[in-house]
Ligand SMILES: *Cc1c(COP(=O)(O)O)cnc(C)c1O
């Protein structure tokens, strides 16, 4: 079956383990990592409305922002090429001597790369407004696809994974756009939990609620202590956990988002966060291409 984006409906996989069955908890994984080899995970969903708009108004180009291993730019370059739209990626930091594998793929897919100093990058919205006067009609996607269009796209994840079948849904949070989409679709009684991968991003809840259309004042549970030192930071404990998780369930993860998500999930299962009888859905949001920034051999998958 294919969804409205033309991609395969993600696989829902139930994890079988004595630990969960003893606790009378059902645990399901939405394998968004497996929906497409290049536009894996949540990114195509978050891009969908921006891409629709660019097509509808024949925008000359789509512009966005990201780091050297950005899953977002990686997905955007491929999707834009597929639809015949030019894409431009503003990259944080000066141009390195050798490009990352991710940026190399972006170029292969026709994305024009422009490197921005870190100071200009930090100020990207003001900067973009001043500099894009000559690029009229361009569609500008904020970093990570944050915004109402992004969360509206993420709402489709809930439908594709039959989100209403679960008592609990848990996912990783960067900008919070994905969880906002899920929250918007969720029923009052469903518990939605987000694992923040950024350190000290205390406005995350507020930024999620800015994208909320749910009229029930419903809030997600945001857990802030599984970031392993901050965005894209990791240690041996995380890497060992990711390898063990792969051996245990045959599910690969990435060290920036989903490794931390599964670590948190495992911890929450152990500490009784999910009551007996829970039906838990964990969203594997993809991101595996980013593991190419690790030294070869660290991960066994
Ligand atoms: C981008 C990304 C996220 C974060 O999504 P947000 O909508 O920004 O919260 C989570 N997981 C993976 C693998 C990602 O690439």
Take residue 96 and decide whether it is surrounded by fewer than 16 Cβ atoms within 10 Å (Cβ to Cβ), over 21 Å from residue 146 (Cα atoms) and within 16 Å of the ligand (Cβ to nearest atom).
-> no
Report yes if some residue within region 233-250 is buried (at least 17 other Cβ atoms within 10 Å of the Cβ) and under 16 Å from the mean Cα position of the chain (by Cα); otherwise report no.
-> no
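Conditions (1) away from the ligand (no atom under 16 Å from the Cβ); (2) in contact (Cβ under 8 Å) with a residue 12 or more places away in the chain; (3) more than 26 Å from residue 254 (Cα to Cα); (4) surrounded by 15 or more Cβ atoms within 10 Å (Cβ to Cβ), marked per residue:
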{"site": "166", "(1), (2), (3), (4)": "yes, yes, no, yes"}
{"site": "174", "(1), (2), (3), (4)": "no, yes, no, yes"}
{"site": "206", "(1), (2), (3), (4)": "no, no, yes, no"}
{"site": "212", "(1), (2), (3), (4)": "no, yes, yes, yes"}
{"site": "215", "(1), (2), (3), (4)": "yes, no, yes, no"}
{"site": "218", "(1), (2), (3), (4)": "yes, yes, yes, yes"}
Given the residues 286, 259, 290, which is the only one that is within 13 Å of the ligand (Cβ to nearest atom), free of Cβ contacts under 8 Å to residues at least 40 places away in the same chain and touching a helix residue (DSSP H, G or I) at 6+ places or on another chain (Cβ under 7 Å)?
-> 259
Residue check for residue 269: touching a residue at least 40 places away in the same chain (Cβ under 8 Å), part of a helix (DSSP H, G or I), buried (at least 18 other Cβ atoms within 10 Å of the Cβ) and more than 15 Å from the ligand (Cβ to nearest atom) | yes
Which one is modelled with the lowest pLDDT, of the residues in region 233-265 that are closer than 19 Å to residue 71 by Cα and touching a strand residue (DSSP E or B) at 6+ places or on another chain (Cβ under 7 Å)?
-> 251
Some residue of region 178-201 being farther than 24 Å from residue 274 by Cβ, surrounded by fewer than 16 Cβ atoms within 10 Å (Cβ to Cβ) and more than 12 Å from the ligand (Cβ to nearest atom) | yes
From the list 49, 53, 44, 90, which residue is in contact with a helix residue (DSSP H, G or I) (Cβ under 8 Å, 6 or more places away or on another chain) and under 30 Å from residue 268 (Cβ atoms)?
-> 44
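The values are calculated or read from the model by the stated rules, or taken from the named source; none is laboratory data. Note that the structure is predicted; figures quoted are calculated from it, not measured. FYI the Cβ positions are ideal-geometry reconstructions off the backbone, even for glycines, and counts take in every protein chain you see.
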